[in-house]
Every structure is written in C-alpha cells, then in structure tokens.
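Chemist: I'd like to ask some things about the structure below.
Derivation of every value follows stated rules applied to the coordinates shown; laboratory data play no part. Remember, predicted model here, so these are calculated numbers, not experimental data. Counting neighbours? That spans all protein chains shown, and the Cβs are built from the backbone with ideal geometry, glycine included.
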Amino acid sequence: MRVVTVPLMLAATLLLAGCPLGNKPESSATAEKPSPKATEVSAQADTEVDAAAQAVEPACDCAGQAADAIAVAEVPARFRGDWSYKCLKPGEYDDSSMTISADTIAFTGSMGNIKAVVLNGDNELAIIADMPDEGKQWLTYWRFELSADGEELMDVTDDDNYFLRRRCKGVG
C-alpha cells in the first residue's frame with residue numbers, strides 16, 4: 001500500500017492549528033456533496049489520489065491559524081528523548097514513559113513509525129504515527145507543547161486532559 005503524505009501533512013497542520021477536520025464554514029457546508037463510501041475511495045487509481053492530494057484545501061475556516069505551521073521531514077532534536085511523569089530507574093515499570101526519536105514514537109509496550117511531523121513555532125509539535133493496536137496498525141495523532149527550557153513536554157492532544165512529562169536523563 002502506498003502512503004500519500006500530502007493529506008497526512010495537511011491533516012496534521014490543521015489539527016496542530018486547532019482546526020477541527022471536516023467542519024466547513026456555514027456558507028459552504030450545505031453546498032458540499034456527501035462523502036464517498038470507503039470502498040469507492042479505495043477503488044480510485046493512484047493518479048486520481050495524487051491529483052486529489054495536490055488539490056486539497058483546508059476543510060474549515062481556521063482564520064489563518066494553520067499558516068504558521070510547517071511540515072518537516074523528522075522530529076526536531078529538541079523534542080527527542082525519553083519523557084515521563086515519573087522518570088524511574090531503568091528496569092522499573094513506568095506506564096507514563098514515552099520515547100521520541102527522529103522517526104519513531106514509543107510508549108510502554110508499543111512503538112510506531114512517524115508518518116508526518118508538523119511544527120507550529122519553536123515549541124509546538126504534531127505527530128501522526130502508524131501504531132499497533134490489537135494486531136492491527138492505526139494512524140494515531142498527538143500534539144505536544146515543549147516548555148521554554150526544553151525540560152517538560154505537555155501532551156495537549158485532548159483539550160480536556162493535558163498530560164505533563166519531564167525529560168528523563170539517564171533513563172532507557
């Protein structure tokens with residue numbers, strides 16, 4: 001299966017900007033056709049997918065918020081490392097641990113390949129990764145904010161439940 005990176009980058013950019021995907025401004029929402037069924041979409045030829053990927057427009061009125069976000073090839077060094085709420089010693093179980101490298105993100109018991117990385121300013125990062133779950137692979141999204149000193153990383157993916165991790169030195 002071929003990965004189309006343009007839609008992933010656009011999705012990450014819009015999510016990073018806090019723009020909900022699929023919400024159209026009221027003026028154009030009623031003029032849209034219903035979405036095609038998944039089987040119809042998967043039946044498209046590769047050339048049609050490439051053409052559609054290049055013609056993608058933001059699906060909401062983000063008031064220019066996504067304009068400052070940029071797609072990058074890999075996770076910048078300042079976001080890489082071992083992160084945890086607890087920063088326990090090696091060998092101790094820590095269910096809050098997370099490791100970010102240039103192209104992977106790992107949690108206790110699972111690791112995924114990063115498919116898209118988007119930066120918004122110096123300290124905000126969005127990642128889309130292909131993660132294993134119950135024997136299948138799923139695209140999963142995270143949004144992080146790095147503290148000014150680079151020692152704390154806040155998971156702000158869920159607006160109602162932020163999760164703070166600290167940089168763990170000498171762990172892992």
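Chemist: Considering amide H positions built from the backbone, and no H for Pro or chain starts, which residues 5 or more places from residue 104, or on another chain, come under 5 Å of its amide H?
Modeler: Hits under the 5 Å cutoff: 114.
Chemist: Right, next: Relative to the compact globular guide of 2.2 N^0.38 Å, what is the alpha carbon radius of gyration of segment 88-172, as a ratio? Mind showing how you got there, number by number?
Modeler: On the way: Rg = 13.2 Å, N = 85, 2.2 N^0.38 = 11.9 Å.
In units of the globular-protein estimate, segment 88-172 measures up at 1.11.
Chemist: Here's a follow-up. Quickly work out the residue 122-to-residue 164 label distance, labels modelled 7 Å from Cα along the C-beta direction, and quote it in nm with one decimal.
Modeler: 2.1
Chemist: What whole-number distance in Å separates the alpha-carbon centres of segment 143-172 and segment 92-111?
Modeler: 13
Chemist: What is the sum of charges, Lys and Arg at +1 and Asp and Glu at -1, for the other residues whose Cβ falls under 14 Å from the Cβ of residue 105? Kindly include the intermediate steps, with their values, before the conclusion.
Modeler: Values: positive: 80, 115, 143, 165; negative: 74, 82, 103, 130, 133, 155.
After counting each charged neighbour, the total is -2.
Chemist: Okay, moving on. Sum up the charges of everything whose Cβ sits under 13 Å from the Cβ of residue 120, counting Lys and Arg as +1 and Asp and Glu as -1, but leave residue 120 out. Can you show the working numbers first?
Modeler: Numbers: positive: 143; negative: 68, 122, 124, 145.
Computed value for this residue: -3.
Chemist: Determine which residues of segment 87-108 fall in the zone a paramagnetic label at residue 147 would reach in this model, i.e. backbone nitrogen under 14 Å from the point 7 Å along Cα→Cβ.
Modeler: Of the residues in segment 87-108, 87 have backbone N under 14 Å from the label point off residue 147.
Chemist: Evaluate the distance, in nm, between pseudo-label points positioned 7 Å from the Cα of residue 68 and of residue 107 along their respective Cα→Cβ axes.
Modeler: 2.8
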